[in-house]
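**Student:** Sharing a structure with you now.
The values are calculated or read from the model by the stated rules, or taken from the named source; none is laboratory data. For clarity, every value in this text was computed on a predicted model and none was experimentally measured. Here the Cβ positions follow ideal geometry from the backbone for every residue, glycine too, while neighbour counts run over all protein chains shown. Surface accessibility is based on the protein's heavy atoms, side chains included, excluding ligands, DNA and RNA. Shrake-Rupley method; radii C 1.70, N 1.55, O 1.52, S 1.80 Å.
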Amino acid sequence: MRSVRITNIAIDNFKNVGHGEICLENKRKDFRASILGLYGQNGSGKTALVDAIALLKHVLCGNVIPVKYADFVNEDATNSRFLFEFKIVSDGITYRAWYEFSLGKVYDDTLVNMDNDSAKGQIKAEIYDEVMSYSYVSKEETARKSALIDTRPNGAFLPKNKYLELTGDMDETDVIVSKRVIRSGSRSFIFSREMINLFRQKCKNTQYLFLIESLLLFGNRELFVINTENAGLISLNALPISFKYKEERSEAVGNLMLTLNAPATIPLDAHHLVLKLIENMNIVLDRIIPGLTIGVMNLGDIVSQEGKPGKIIQLMSLRNGKEIPFQYESEGIKKIVSILQLLIVVYNNSSITVAVDELDAGIFEYLLGEILQIISEKGKGQLVFTSHNLRPLETIDKGFIAFTTTNTKRRYFRMTNVKGNNNLRDFYYRDIVLGGQSEQLYETTNNYEIALAFKEAGDALGM
(Lines give C-alpha, C1' and ligand atoms only; values in the text may rest on other atoms or scores of the structure.)
Protein backbone atom coordinates (compact mmCIF):
# COMPACT_ATOMS: atom_id res chain seq x y z
CA MET A 1 0.00 0.00 0.00
CA ARG A 2 1.24 3.46 -0.93
CA SER A 3 -0.40 6.82 -0.39
CA VAL A 4 0.59 10.28 -1.64
CA ARG A 5 -0.76 13.54 -0.28
CA ILE A 6 0.07 17.22 -0.82
CA THR A 7 0.97 18.78 2.52
CA ASN A 8 2.20 22.28 1.65
CA ILE A 9 2.06 24.65 -1.32
CA ALA A 10 4.07 27.85 -1.86
CA ILE A 11 3.40 30.16 -4.81
CA ASP A 12 5.31 33.21 -6.03
CA ASN A 13 4.32 35.70 -8.75
CA PHE A 14 1.44 33.68 -10.14
CA LYS A 15 -1.66 35.56 -11.30
CA ASN A 16 -2.49 38.00 -8.46
CA VAL A 17 -0.46 36.11 -5.85
CA GLY A 18 2.83 37.83 -5.12
CA HIS A 19 3.57 35.23 -2.47
CA GLY A 20 1.38 32.70 -0.74
CA GLU A 21 2.01 29.67 1.43
CA ILE A 22 -0.61 27.25 2.66
CA CYS A 23 -0.39 24.11 4.75
CA LEU A 24 -2.97 21.49 3.80
CA GLU A 25 -2.58 19.49 7.01
CA ASN A 26 -4.97 20.03 9.91
CA LYS A 27 -2.74 20.77 12.89
CA ARG A 28 -5.67 20.87 15.34
CA LYS A 29 -6.74 17.22 15.24
CA ASP A 30 -5.63 13.95 13.71
CA PHE A 31 -8.14 13.34 10.92
CA ARG A 32 -7.68 10.67 8.28
CA ALA A 33 -9.08 13.02 5.63
CA SER A 34 -7.26 16.14 4.48
CA ILE A 35 -9.65 18.97 3.68
CA LEU A 36 -8.82 22.55 2.74
CA GLY A 37 -11.63 25.02 2.13
CA LEU A 38 -10.35 28.38 0.87
CA TYR A 39 -12.51 31.47 1.36
CA GLY A 40 -12.06 35.12 0.54
CA GLN A 41 -13.01 38.18 -1.46
CA ASN A 42 -13.46 37.98 -5.23
CA GLY A 43 -10.14 38.32 -7.04
CA SER A 44 -8.03 37.54 -3.97
CA GLY A 45 -6.22 34.40 -5.12
CA LYS A 46 -8.58 31.47 -4.50
CA THR A 47 -8.68 30.27 -8.09
CA ALA A 48 -4.91 30.83 -8.35
CA LEU A 49 -4.39 28.01 -5.85
CA VAL A 50 -6.55 25.61 -7.89
CA ASP A 51 -4.77 26.71 -11.08
CA ALA A 52 -1.42 25.98 -9.41
CA ILE A 53 -2.59 22.45 -8.58
CA ALA A 54 -3.83 22.04 -12.17
CA LEU A 55 -0.39 23.14 -13.40
CA LEU A 56 1.22 20.59 -11.08
CA LYS A 57 -0.88 17.85 -12.68
CA HIS A 58 0.29 18.86 -16.16
CA VAL A 59 3.90 18.87 -14.98
CA LEU A 60 3.76 15.50 -13.18
CA CYS A 61 2.07 13.92 -16.21
CA GLY A 62 4.84 15.17 -18.50
CA ASN A 63 2.28 17.07 -20.58
CA VAL A 64 2.97 20.06 -22.77
CA ILE A 65 2.03 23.03 -20.57
CA PRO A 66 -1.01 24.85 -22.05
CA VAL A 67 -0.24 28.32 -23.38
CA LYS A 68 -2.68 29.98 -20.96
CA TYR A 69 -0.28 29.35 -18.08
CA ALA A 70 2.28 31.64 -19.70
CA ASP A 71 -0.19 34.49 -19.23
CA PHE A 72 -0.61 33.57 -15.56
CA VAL A 73 2.91 34.75 -14.77
CA ASN A 74 2.50 37.96 -12.76
CA GLU A 75 3.03 40.99 -15.00
CA ASP A 76 5.53 42.44 -12.53
CA ALA A 77 7.77 39.35 -12.60
CA THR A 78 9.76 37.41 -15.18
CA ASN A 79 8.61 34.03 -13.88
CA SER A 80 6.44 32.24 -11.35
CA ARG A 81 7.87 29.87 -8.76
CA PHE A 82 6.13 26.92 -7.10
CA LEU A 83 7.01 24.58 -4.26
CA PHE A 84 4.91 21.52 -3.48
CA GLU A 85 5.58 19.29 -0.49
CA PHE A 86 4.27 15.72 -0.44
CA LYS A 87 3.88 13.05 2.19
CA ILE A 88 4.40 9.55 0.81
CA VAL A 89 3.71 6.55 3.03
CA SER A 90 4.68 3.01 2.01
CA ASP A 91 5.64 -0.16 3.88
CA GLY A 92 6.10 1.58 7.23
CA ILE A 93 8.31 4.32 5.77
CA THR A 94 7.18 7.94 5.69
CA TYR A 95 8.80 10.03 2.98
CA ARG A 96 8.68 13.76 2.51
CA ALA A 97 9.23 14.91 -1.04
CA TRP A 98 9.68 18.50 -2.19
CA TYR A 99 9.23 19.45 -5.81
CA GLU A 100 9.82 23.00 -7.00
CA PHE A 101 10.01 24.59 -10.42
CA SER A 102 9.78 27.88 -12.29
CA LEU A 103 7.21 28.83 -14.91
CA GLY A 104 8.35 31.28 -17.57
CA LYS A 105 6.65 33.16 -20.38
CA VAL A 106 8.73 33.06 -23.55
CA TYR A 107 8.34 33.64 -27.26
CA ASP A 108 8.82 30.80 -29.70
CA ASP A 109 10.82 32.39 -32.51
CA THR A 110 11.37 29.19 -34.49
CA LEU A 111 8.59 30.01 -36.96
CA VAL A 112 9.26 33.75 -37.27
CA ASN A 113 10.03 35.14 -40.71
CA MET A 114 13.77 35.83 -40.67
CA ASP A 115 13.27 38.95 -42.83
CA ASN A 116 11.20 40.61 -40.11
CA ASP A 117 13.55 41.33 -37.21
CA SER A 118 10.84 43.01 -35.13
CA ALA A 119 8.46 40.08 -35.26
CA LYS A 120 7.93 37.96 -32.18
CA GLY A 121 6.95 34.34 -32.15
CA GLN A 122 4.00 32.82 -30.40
CA ILE A 123 3.91 32.88 -26.62
CA LYS A 124 4.55 29.59 -24.85
CA ALA A 125 5.07 28.42 -21.28
CA GLU A 126 8.40 27.06 -20.10
CA ILE A 127 9.15 24.83 -17.11
CA TYR A 128 12.70 25.06 -15.76
CA ASP A 129 14.89 25.13 -12.64
CA GLU A 130 13.25 21.98 -11.33
CA VAL A 131 14.43 20.65 -7.98
CA MET A 132 13.27 17.44 -6.32
CA SER A 133 14.36 16.72 -2.74
CA TYR A 134 13.40 14.10 -0.19
CA SER A 135 13.73 12.85 3.36
CA TYR A 136 12.36 9.78 5.12
CA VAL A 137 11.74 8.20 8.48
CA SER A 138 11.53 4.45 9.14
CA LYS A 139 11.92 2.23 12.19
CA GLU A 140 15.55 1.57 11.30
CA GLU A 141 16.82 4.97 10.16
CA THR A 142 16.14 8.60 9.38
CA ALA A 143 17.41 10.55 6.39
CA ARG A 144 17.51 14.34 6.41
CA LYS A 145 16.32 16.44 3.51
CA SER A 146 18.66 16.27 0.52
CA ALA A 147 18.43 17.00 -3.18
CA LEU A 148 17.68 14.13 -5.51
CA ILE A 149 17.62 16.07 -8.79
CA ASP A 150 18.64 19.73 -9.14
CA THR A 151 18.39 21.02 -12.71
CA ARG A 152 19.29 24.66 -11.92
CA PRO A 153 23.03 24.53 -12.64
CA ASN A 154 24.40 24.23 -16.15
CA GLY A 155 24.91 20.70 -17.32
CA ALA A 156 22.56 17.76 -16.84
CA PHE A 157 21.66 17.87 -13.15
CA LEU A 158 23.20 17.61 -9.71
CA PRO A 159 24.15 16.12 -7.25
CA LYS A 160 26.72 14.19 -9.21
CA ASN A 161 26.42 11.01 -7.15
CA LYS A 162 22.64 10.99 -7.63
CA TYR A 163 23.12 11.54 -11.37
CA LEU A 164 25.29 8.44 -11.60
CA GLU A 165 22.82 6.32 -9.63
CA LEU A 166 19.85 7.53 -11.67
CA THR A 167 21.36 7.43 -15.17
CA GLY A 168 24.13 4.82 -14.89
CA ASP A 169 26.62 5.16 -17.74
CA MET A 170 24.50 7.60 -19.76
CA ASP A 171 26.65 10.22 -21.48
CA GLU A 172 25.97 13.57 -19.81
CA THR A 173 26.04 15.33 -23.18
CA ASP A 174 23.00 13.34 -24.31
CA VAL A 175 21.12 14.28 -21.14
CA ILE A 176 21.99 17.96 -21.63
CA VAL A 177 20.62 17.84 -25.18
CA SER A 178 17.43 16.18 -23.92
CA LYS A 179 17.14 18.81 -21.21
CA ARG A 180 17.21 21.63 -23.76
CA VAL A 181 14.78 19.94 -26.14
CA ILE A 182 12.32 19.11 -23.36
CA ARG A 183 12.42 22.64 -21.97
CA SER A 184 11.82 24.16 -25.42
CA GLY A 185 8.86 21.81 -25.76
CA SER A 186 7.16 23.26 -22.64
CA ARG A 187 7.47 20.09 -20.60
CA SER A 188 8.97 19.04 -17.29
CA PHE A 189 12.46 17.57 -17.57
CA ILE A 190 12.20 15.29 -14.53
CA PHE A 191 8.78 13.88 -15.45
CA SER A 192 9.24 13.81 -19.21
CA ARG A 193 8.70 10.54 -21.02
CA GLU A 194 12.38 10.52 -22.06
CA MET A 195 13.76 10.86 -18.53
CA ILE A 196 11.24 8.50 -16.93
CA ASN A 197 12.22 5.80 -19.44
CA LEU A 198 15.89 6.49 -18.77
CA PHE A 199 15.44 6.24 -15.00
CA ARG A 200 13.52 2.98 -15.35
CA GLN A 201 16.27 1.48 -17.48
CA LYS A 202 19.34 2.77 -15.67
CA CYS A 203 18.49 3.64 -12.05
CA LYS A 204 20.44 1.56 -9.54
CA ASN A 205 18.63 2.84 -6.46
CA THR A 206 15.11 1.48 -6.00
CA GLN A 207 14.28 4.14 -3.42
CA TYR A 208 14.98 7.00 -5.84
CA LEU A 209 12.94 5.36 -8.56
CA PHE A 210 10.12 4.72 -6.09
CA LEU A 211 9.90 8.42 -5.20
CA ILE A 212 9.84 9.55 -8.83
CA GLU A 213 7.36 6.86 -9.83
CA SER A 214 5.12 7.71 -6.86
CA LEU A 215 4.75 11.34 -7.95
CA LEU A 216 4.34 10.29 -11.58
CA LEU A 217 1.54 7.87 -10.64
CA PHE A 218 -0.04 10.45 -8.37
CA GLY A 219 -0.19 13.04 -11.14
CA ASN A 220 -1.55 10.65 -13.73
CA ARG A 221 -4.03 8.58 -11.74
CA GLU A 222 -4.69 10.15 -8.35
CA LEU A 223 -4.78 13.94 -8.78
CA PHE A 224 -7.96 15.51 -10.19
CA VAL A 225 -8.77 19.16 -10.79
CA ILE A 226 -12.29 20.45 -11.46
CA ASN A 227 -12.28 24.10 -12.52
CA THR A 228 -14.99 26.54 -13.54
CA GLU A 229 -14.74 25.38 -17.15
CA ASN A 230 -16.79 22.36 -16.05
CA ALA A 231 -19.62 24.66 -14.96
CA GLY A 232 -19.46 26.34 -18.35
CA LEU A 233 -19.79 23.00 -20.12
CA ILE A 234 -22.79 22.11 -17.96
CA SER A 235 -24.43 25.40 -18.97
CA LEU A 236 -23.91 24.34 -22.59
CA ASN A 237 -25.78 21.07 -21.96
CA ALA A 238 -22.74 18.84 -21.68
CA LEU A 239 -21.96 16.72 -18.64
CA PRO A 240 -18.25 16.26 -17.88
CA ILE A 241 -17.62 13.35 -15.53
CA SER A 242 -14.20 12.84 -13.97
CA PHE A 243 -13.74 9.39 -12.53
CA LYS A 244 -11.51 6.74 -11.04
CA TYR A 245 -13.18 3.37 -11.13
CA LYS A 246 -11.63 0.07 -10.06
CA GLU A 247 -12.84 -3.44 -10.63
CA GLU A 248 -11.20 -6.71 -9.66
CA ARG A 249 -8.73 -6.86 -12.53
CA SER A 250 -8.79 -3.39 -14.05
CA GLU A 251 -8.85 0.29 -13.22
CA ALA A 252 -10.13 3.20 -15.29
CA VAL A 253 -9.13 6.83 -14.76
CA GLY A 254 -10.10 9.78 -16.90
CA ASN A 255 -12.89 12.04 -18.08
CA LEU A 256 -16.10 11.44 -19.97
CA MET A 257 -18.10 14.08 -21.84
CA LEU A 258 -21.76 13.27 -22.42
CA THR A 259 -24.05 15.56 -24.40
CA LEU A 260 -27.39 16.21 -22.69
CA ASN A 261 -29.51 18.05 -25.25
CA ALA A 262 -29.10 15.22 -27.75
CA PRO A 263 -28.27 11.52 -27.59
CA ALA A 264 -24.59 10.89 -26.81
CA THR A 265 -22.44 8.61 -28.94
CA ILE A 266 -19.78 6.69 -27.04
CA PRO A 267 -17.36 3.91 -27.98
CA LEU A 268 -18.47 0.40 -27.19
CA ASP A 269 -15.69 -0.15 -24.64
CA ALA A 270 -16.84 2.99 -22.77
CA HIS A 271 -20.45 1.82 -22.59
CA HIS A 272 -19.76 -0.72 -19.85
CA LEU A 273 -17.85 1.93 -17.89
CA VAL A 274 -20.71 4.44 -18.11
CA LEU A 275 -23.17 1.87 -16.81
CA LYS A 276 -20.89 0.98 -13.89
CA LEU A 277 -20.24 4.66 -13.00
CA ILE A 278 -23.95 5.50 -13.04
CA GLU A 279 -24.77 2.41 -10.96
CA ASN A 280 -22.08 3.39 -8.45
CA MET A 281 -23.21 7.03 -8.22
CA ASN A 282 -26.86 6.08 -7.76
CA ILE A 283 -26.00 4.46 -4.42
CA VAL A 284 -25.13 7.89 -3.04
CA LEU A 285 -27.30 10.11 -5.24
CA ASP A 286 -30.52 8.60 -3.90
CA ARG A 287 -29.41 9.51 -0.37
CA ILE A 288 -28.39 13.12 -0.95
CA ILE A 289 -31.26 13.93 -3.34
CA PRO A 290 -34.07 11.66 -2.11
CA GLY A 291 -36.00 9.91 -4.85
CA LEU A 292 -33.54 10.71 -7.65
CA THR A 293 -31.52 8.17 -9.59
CA ILE A 294 -30.07 8.21 -13.09
CA GLY A 295 -30.70 5.74 -15.84
CA VAL A 296 -29.08 5.13 -19.21
CA MET A 297 -31.40 4.69 -22.19
CA ASN A 298 -29.86 2.62 -24.97
CA LEU A 299 -30.93 4.05 -28.36
CA GLY A 300 -29.04 1.63 -30.57
CA ASP A 301 -25.71 0.71 -32.06
CA ILE A 302 -23.49 2.83 -34.30
CA VAL A 303 -20.25 2.51 -36.20
CA SER A 304 -17.86 5.48 -36.26
CA GLN A 305 -16.12 6.83 -39.38
CA GLU A 306 -13.05 4.91 -38.25
CA GLY A 307 -15.06 1.69 -38.30
CA LYS A 308 -15.22 1.29 -34.52
CA PRO A 309 -18.47 0.12 -32.90
CA GLY A 310 -20.27 2.35 -30.46
CA LYS A 311 -23.52 2.97 -28.61
CA ILE A 312 -26.06 5.79 -28.74
CA ILE A 313 -27.29 6.60 -25.24
CA GLN A 314 -29.20 9.25 -23.36
CA LEU A 315 -29.08 9.96 -19.64
CA MET A 316 -32.45 9.90 -17.93
CA SER A 317 -33.67 11.08 -14.53
CA LEU A 318 -35.79 8.65 -12.56
CA ARG A 319 -38.07 10.20 -9.94
CA ASN A 320 -40.96 8.42 -8.28
CA GLY A 321 -41.31 5.98 -11.14
CA LYS A 322 -41.29 8.71 -13.81
CA GLU A 323 -38.53 9.10 -16.39
CA ILE A 324 -37.45 12.38 -18.02
CA PRO A 325 -34.28 13.38 -19.90
CA PHE A 326 -31.53 14.38 -17.47
CA GLN A 327 -30.97 17.63 -19.38
CA TYR A 328 -34.07 19.10 -17.67
CA GLU A 329 -32.58 18.79 -14.19
CA SER A 330 -31.16 21.89 -12.49
CA GLU A 331 -27.54 22.89 -12.98
CA GLY A 332 -26.97 22.19 -9.29
CA ILE A 333 -27.95 18.54 -9.72
CA LYS A 334 -25.83 18.30 -12.86
CA LYS A 335 -22.89 19.74 -10.92
CA ILE A 336 -23.34 17.16 -8.14
CA VAL A 337 -23.49 14.29 -10.63
CA SER A 338 -20.45 15.64 -12.47
CA ILE A 339 -18.21 15.43 -9.39
CA LEU A 340 -20.02 12.76 -7.35
CA GLN A 341 -17.85 9.84 -8.45
CA LEU A 342 -14.71 11.72 -7.35
CA LEU A 343 -16.28 12.54 -3.98
CA ILE A 344 -16.97 8.83 -3.53
CA VAL A 345 -13.33 8.06 -4.26
CA VAL A 346 -12.11 10.82 -1.90
CA TYR A 347 -14.24 9.34 0.87
CA ASN A 348 -12.78 5.85 0.39
CA ASN A 349 -9.20 6.26 -0.89
CA SER A 350 -6.36 7.85 1.12
CA SER A 351 -4.21 8.49 -1.96
CA ILE A 352 -6.64 10.65 -3.90
CA THR A 353 -6.48 14.43 -4.17
CA VAL A 354 -9.35 16.37 -5.73
CA ALA A 355 -9.26 20.16 -6.16
CA VAL A 356 -12.55 21.86 -7.02
CA ASP A 357 -12.94 25.55 -7.81
CA GLU A 358 -16.27 27.02 -6.68
CA LEU A 359 -17.55 23.78 -5.21
CA ASP A 360 -20.69 25.55 -3.99
CA ALA A 361 -21.87 26.68 -7.44
CA GLY A 362 -25.51 25.66 -7.73
CA ILE A 363 -25.50 23.36 -4.68
CA PHE A 364 -27.92 24.01 -1.83
CA GLU A 365 -25.87 25.35 1.08
CA TYR A 366 -27.25 22.99 3.72
CA LEU A 367 -26.49 19.95 1.57
CA LEU A 368 -23.01 21.28 0.83
CA GLY A 369 -22.27 21.64 4.52
CA GLU A 370 -23.50 18.15 5.31
CA ILE A 371 -21.51 16.47 2.51
CA LEU A 372 -18.31 18.21 3.56
CA GLN A 373 -18.86 17.33 7.20
CA ILE A 374 -19.27 13.65 6.35
CA ILE A 375 -16.15 13.58 4.15
CA SER A 376 -14.04 15.50 6.67
CA GLU A 377 -15.01 13.31 9.63
CA LYS A 378 -15.15 9.86 8.05
CA GLY A 379 -13.34 10.12 4.71
CA LYS A 380 -9.79 9.09 3.86
CA GLY A 381 -8.65 11.21 0.90
CA GLN A 382 -7.74 14.83 0.22
CA LEU A 383 -10.16 17.53 -0.96
CA VAL A 384 -9.18 21.11 -1.77
CA PHE A 385 -12.01 23.47 -2.64
CA THR A 386 -12.86 27.14 -2.99
CA SER A 387 -16.27 28.45 -2.11
CA HIS A 388 -18.29 31.58 -1.46
CA ASN A 389 -20.91 29.75 0.57
CA LEU A 390 -20.03 30.07 4.25
CA ARG A 391 -22.12 27.16 5.52
CA PRO A 392 -19.10 24.78 5.69
CA LEU A 393 -17.48 27.17 8.20
CA GLU A 394 -20.13 25.93 10.64
CA THR A 395 -19.97 22.22 9.84
CA ILE A 396 -16.31 21.23 9.39
CA ASP A 397 -13.37 21.57 11.76
CA LYS A 398 -11.76 25.01 11.84
CA GLY A 399 -8.42 23.47 10.96
CA PHE A 400 -9.80 22.66 7.52
CA ILE A 401 -10.48 26.32 6.65
CA ALA A 402 -8.12 29.01 5.33
CA PHE A 403 -8.69 32.50 3.96
CA THR A 404 -7.23 34.85 1.40
CA THR A 405 -6.04 38.31 2.40
CA THR A 406 -5.69 41.70 0.71
CA ASN A 407 -1.90 41.44 1.09
CA THR A 408 -0.48 40.14 -2.21
CA LYS A 409 2.73 39.14 -0.38
CA ARG A 410 0.83 36.97 2.07
CA ARG A 411 -2.19 35.74 0.18
CA TYR A 412 -3.15 32.73 2.30
CA PHE A 413 -3.86 32.92 5.99
CA ARG A 414 -5.38 30.93 8.85
CA MET A 415 -7.28 32.91 11.44
CA THR A 416 -5.87 33.11 14.95
CA ASN A 417 -7.54 33.46 18.37
CA VAL A 418 -10.46 31.28 17.29
CA LYS A 419 -11.73 29.38 20.31
CA GLY A 420 -13.35 25.99 20.17
CA ASN A 421 -16.82 27.37 20.89
CA ASN A 422 -16.56 30.21 18.33
CA ASN A 423 -18.78 30.06 15.26
CA LEU A 424 -16.18 30.52 12.52
CA ARG A 425 -18.73 32.02 10.16
CA ASP A 426 -19.68 34.74 12.66
CA PHE A 427 -16.02 35.19 13.60
CA TYR A 428 -15.13 35.74 9.93
CA TYR A 429 -17.91 38.31 9.48
CA ARG A 430 -16.77 40.14 12.59
CA ASP A 431 -13.18 40.34 11.39
CA ILE A 432 -14.29 41.62 7.98
CA VAL A 433 -16.10 44.48 9.69
CA LEU A 434 -13.91 45.15 12.71
CA GLY A 435 -10.52 43.63 11.85
CA GLY A 436 -8.49 41.99 14.56
CA GLN A 437 -6.29 39.63 12.54
CA SER A 438 -2.68 40.29 11.61
CA GLU A 439 -3.73 40.48 7.96
CA GLN A 440 -6.68 42.31 6.40
CA LEU A 441 -9.17 39.76 5.06
CA TYR A 442 -11.41 42.08 3.07
CA GLU A 443 -10.82 45.26 1.13
CA THR A 444 -13.54 47.53 2.46
CA THR A 445 -16.22 48.80 0.12
CA ASN A 446 -18.40 51.88 0.63
CA ASN A 447 -22.13 51.41 0.07
CA TYR A 448 -22.69 55.11 -0.65
CA GLU A 449 -19.96 55.14 -3.29
CA ILE A 450 -21.34 51.98 -4.89
CA ALA A 451 -24.86 53.47 -5.07
CA LEU A 452 -23.45 56.70 -6.52
CA ALA A 453 -21.48 54.75 -9.13
CA PHE A 454 -24.65 52.90 -10.19
CA LYS A 455 -26.42 56.25 -10.59
CA GLU A 456 -23.58 57.79 -12.59
CA ALA A 457 -23.48 54.76 -14.87
CA GLY A 458 -27.22 55.05 -15.43
CA ASP A 459 -26.90 58.76 -16.20
CA ALA A 460 -24.21 57.95 -18.75
CA LEU A 461 -26.72 55.68 -20.50
CA GLY A 462 -29.36 58.44 -20.45
CA MET A 463 -31.58 56.46 -18.09
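**Student:** With a ≥ b ≥ c taken as the square roots of the eigenvalues of the C-alpha gyration tensor of the chain, please select rounded if a/c is under 1.5 and otherwise prolate if a/b is larger than b/c or oblate if it is not?
**Tutor:** Verdict is rounded for the chain.
**Student:** Another question about this same structure. How much length is gained if the chain between R180 and D301 is pulled fully straight, taking 0.36 nm per residue apart and subtracting their Cα-Cα distance, in nm to one decimal?
**Tutor:** On the way: separation 121, 0.36 × 121 = 43.56 nm, distance 4.85 nm.
Full extension of this stretch gives 38.7 nm more.
**Student:** Taking the Cα centre of the stretch 112-254 as origin, work out the dipole magnitude from +1 charges on Lys and Arg Cβ and -1 charges on Asp and Glu Cβ, in debye rounded to 20. Provide the component values of the computation, followed by the final result.
**Tutor:** On the way: 20 positive and 20 negative charges, 44 e Å.
Roughly 220 debye, rounded to the nearest 20.
**Student:** Roughly how many debye, to the nearest 20, is the charge dipole of the chain about its Cα centre, given +1 on each Lys and Arg Cβ, -1 on each Asp and Glu Cβ, and no other charges?
**Tutor:** For the chain, the charge dipole is close to 1220 debye.
**Student:** Hey, with R₀ at 41 Å, roughly what FRET efficiency would L158 and N261 work out to, going by the Cβ-Cβ distance, to 0.05?
**Tutor:** About 0.15, to the nearest 0.05.
**Student:** Projected onto the charge dipole of the chain (+1 at Lys/Arg Cβ, -1 at Asp/Glu Cβ, origin at the Cα centre), which of L158, F101, G307 gives the Cα projection farthest towards the positive end?
**Tutor:** The Cα lying farthest towards the positive end belongs to L158.
**Student:** In the chain, with Lys and Arg counted as +1 and Asp and Glu as -1 at Cβ, which of these residues, V175, T406, G369, has the Cα nearest the positive end of the dipole, that is, farthest along it?
**Tutor:** G369
**Student:** Loop only per DSSP, at most 13 neighbouring Cβ atoms within 10 Å: give me the trypsin sites (Lys or Arg not before Pro) in the stretch 134-235, ordered by residue number.
**Tutor:** Passing sites in the stretch 134-235 are K139, K204.
**Student:** Over the chain, what is the relative contact order in whole percent, taking alpha-carbon pairs under 8 Å and six or more residues apart?
**Tutor:** Numbers: 876 pairs, mean separation 86.1, N = 463.
Reported relative contact order: 19 percent.
**Student:** For the stretch 60-78, list residues with backbone N below 17 Å from a point placed 7 Å from the Cα of V253 toward its Cβ?
**Tutor:** Counting backbone N atoms under 17 Å from the label point, the list is 60-64.
**Student:** Between E75 and L217, what length comes free when the chain is fully extended (0.36 nm per residue of separation minus the Cα-Cα distance, one decimal in nm)? Don't skip to the answer; put the middle values down first.
**Tutor:** Values: separation 142, 0.36 × 142 = 51.12 nm, distance 3.34 nm.
Result: 47.8 nm gained on full extension.
**Student:** Now a separate question. When only C-alpha pairs under 8 Å and at least 6 residues apart count, what is the relative contact order of the stretch 52-105, in percent?
**Tutor:** Relative contact order for the stretch 52-105 comes out at 32 percent.
**Student:** Within the chain, which complete DSSP H helices have Cα atoms spanning at least 30 Å along the helix axis and a mean Kyte-Doolittle hydropathy of -0.5 or higher?
**Tutor:** TM-like helix candidates: 268-288.
**Student:** May I ask you to give the percent of accessible area on the chain that is carbon plus sulfur, with a probe radius of 1.4 Å?
**Tutor:** 50 percent
**Student:** May I ask for the distance between the Cα centers of the stretch 297-332 and the stretch 396-417, given as a whole number of Å?
**Tutor:** Cα centres, the stretch 297-332 to the stretch 396-417: 44 Å.
**Student:** How many angstrom lie between the C-alpha centres of the stretch 225-273 and the stretch 1-47?
**Tutor:** Each part's Cα centre sits 27 Å from the other's.
**Student:** So which of K57/K308; K204/K246; K145/K204; K244/K378; K139/K246; K145/K419 end up more than 24 Å apart, counting from Cα to Cα?
**Tutor:** From the list (K57/K308; K204/K246; K145/K204; K244/K378; K139/K246; K145/K419), the Cα-Cα distance tops 24 Å for K57/K308; K204/K246; K139/K246; K145/K419.
**Student:** Going by the alpha-carbon gyration tensor, a ≥ b ≥ c the square roots of its eigenvalues, is the stretch 103-253 rounded (a/c under 1.5) or, if a/c is not under 1.5, prolate (a/b greater than b/c) versus oblate? Could the numbers behind the result be given before it?
**Tutor:** Numbers: a/c = 2.26, a/b = 1.07, b/c = 2.10.
Oblate.
**Student:** Compute the length gained on full extension between E365 and V137: take 0.36 nm times their separation in residues and subtract their Cα-Cα distance, giving the result in nm to one decimal. List each step's numbers first, then the result.
**Tutor:** Values: separation 228, 0.36 × 228 = 82.08 nm, distance 4.20 nm.
Length gained between E365 and V137: 77.9 nm.
**Student:** With a cut-off of at most 12 other beta carbons within 10 Å, and DSSP calling the residue loop, which GluC sites (Glu not before Pro) in the stretch 120-190 qualify? Please list them.
**Tutor:** Answer in residue order: E140, E141.
**Student:** In addition: Testing the spin-label approximation: label points 7 Å from Cα along Cα→Cβ at E443 and T228. State their distance in nm.
**Tutor:** Roughly 1.6 nm, to one decimal.
**Student:** Restricting to DSSP H runs of at least four residues, report the calculated mean residue ellipticity at 222 nm for the chain, -39500 (n - 2.57) per run over all residues, nearest 500 deg cm²/dmol.
**Tutor:** -10000 deg cm²/dmol
**Student:** Go through the stretch 232-301 and name the GluC sites (Glu not before Pro) that are in a DSSP coil and have 11 or fewer other Cβ atoms within 10 Å of their Cβ.
**Tutor:** Answer in residue order: E247, E248.
**Student:** Please find the FRET efficiency linking S146 to V64, where r is the Cβ-Cβ separation and R0 is fixed at 25 Å, and quote it to the nearest 0.05.
**Tutor:** Rounded to the nearest 0.05, the efficiency is 0.25.
**Student:** Please calculate how many Å² of accessible area the stretch 315-463 carries per residue, with a 1.4 Å probe and no DNA, RNA or ligand atoms counted.
**Tutor:** 50 Å²
**Student:** Let me ask something additional. As a test question: what accessible area, to the nearest 10 Å², does D169 have when a 1.4 Å probe is rolled over all protein chains in place?
**Tutor:** Rounded to the nearest 10, that gives 130 Å².
**Student:** Suppose R0 equals 60 Å; then what is the FRET efficiency for A451 and D171 from their Cβ-Cβ distance, rounded to the nearest 0.05?
**Tutor:** Details: r = 71 Å, r/R0 = 1.18.
E between A451 and D171, to the nearest 0.05, is 0.25.
**Student:** Describe numerically, in nm with one decimal, the distance between label points set 7 Å from Cα along Cα→Cβ at T408 and at Y107.
**Tutor:** 2.4 nm
**Student:** Place a label point 7 angstrom from the Cα of H388 along the Cα-to-Cβ direction, then list the residues of the stretch 20-48 whose backbone nitrogen is under 19 Å away.
**Tutor:** Only 37-48 pass the distance filter.
**Student:** For K27, list the aspartates and glutamates whose Cα falls under 19 Å from its own Cα; do not include residues on the same chain fewer than 8 positions away.
**Tutor:** E85, E377, E394, D397
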